[in-house]
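Quick notes on the structure that follows.
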Amino acid sequence: MVDQATDIAANLLQLQARIARAARRAGRTPDEVTLVAVTKTHPLETIQAAYHAGLRHFGENRVEEGRLKIPAFREWLATQVGTAEPPTWHMIGHLQHRKVNDALAHFDTIHSVDSLRLAERLERLAGARRAPVPILLECNVSGEVSKYGFALSQWASDRQTRLEFFETVRCILALPHLSVQGLMTMAPLMADPEQTRPVFATLRALREVLREEFPQLAWSHLSMGMSDDFEVAIEEGATLIRIGRALFGERRH
Ligand SMILES: *Cc1c(COP(=O)(O)O)cnc(C)c1O
């Protein structure tokens, strides 16, 4: 077997260089971009190697997987000597209502809040926590039917879509145990990453509109960009990029 830790460290170095170049092209600094290592389907050893390589943000897209891997990782971390800085766990996949409790028990932040009902359920179950749960609002701005998220492909042209979304956002912002940090989107799979640019630019423009409508919030984060399109996403303002294959290689299942 190849030395996985060496591979991950080498992939990370390359990624960091590409992130830095993309950020500079857009007049941004690389430290405005947080790399979320997407460890879905990968075993604990891979997450350990990624942690050793310096990664501190991990993403999983299924609660069932996270509820096994996250506690196992925490136990492993407790056995490590020295300063064992705990990582931040990001729930990046569609969240089913009946899994909200488990999601809250294991994840630090949720990128995939895509309805008022889900937000209200999170609010009810997050009530016992001391600090509000950081969340992002997942937006479907491409109109692709297979994608989750608030259906917002028409927001720029359709006032009604905009007003309804504002009303939903207003309700979510009123939930005291949730802290909205920004927006998340998934771009359609494209042969040329350049083709995804309008999707990312649209999410950024939507954030500007929300900033005007809800200036009490910073709307700091745009979670957008994956292995094939993160450079374009960074040029369009991504602050959180979710990277699996470019770090860990192709997934086997
Ligand atoms: C799997 C996944 C990613 C990472 O995809 P890669 O192409 O492996 O970088 C990012 N975001 C979400 C929501 C995912 O499910």
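Every number in this text was worked out from the coordinates using simple rules, so none of it is lab data. Here the structure is a predicted model, which is why all the values come from computation and not from measurement. Cβ sites come from the backbone with ideal geometry, for glycine too, and all protein chains shown count toward neighbours.
Data overview
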| read-out | value |
| --- | --- |
| Taking Ile172, Ile241 and counting other C-beta atoms within 10 Å, the order from fewest to most | Ile172, Ile241 |
| Over the chain, equivalent-ellipsoid semi-axes from the Cα gyration tensor in Å | 29, 23, 16 |
| Within-12-Å neighbourhood charge of Ala84 [Cβ basis; K, R +1; D, E -1] | 0 |
| Modelled FRET efficiency - R0 22 Å, Arg129 with Trp76, Cβ distances, 0.05 increments | 0.35 |
| Rounded Å value of the spacing that divides the Cα centres of region 149-170 and region 210-253 | 21 |
| Ranked list, fewest to most other Cβ atoms within 10 Å of each Cβ, for Cys171, Cys139 | Cys171, Cys139 |
| Neighbour-count ranking [beta-carbon atoms within 10 angstrom, fewest first] of Phe230, Phe165 | Phe165, Phe230 |
| Sum of -39500 (n - 2.57) over DSSP H runs of 4+, divided by residues of the chain (222 nm, nearest 500) | -13000 deg cm²/dmol |
| Euclidean distance of C-alpha centroids, region 58-107 and region 1-38, integer Å | 22 |
| Length gained when the stretch Gln16-Glu250 is fully extended (0.36 nm per residue, less Cα-Cα span) | 82.3 nm |
| Average Cα contact separation per residue, region 1-112, under 8 Å, 6 or more apart, as relative contact order % | 23 |
| Cβ-Cβ FRET estimate between Glu64 and Arg117, R0 fixed at 22 Å, reported to 0.05 | 0.55 |
| Hydrodynamic radius of region 121-253 per Kirkwood, over alpha carbon pairs, in Å | 15.8 |
| Calculated FRET efficiency for the pair Asp3/Ser220, C-beta based, R₀ 30 Å, to 0.05 | 0.20 |
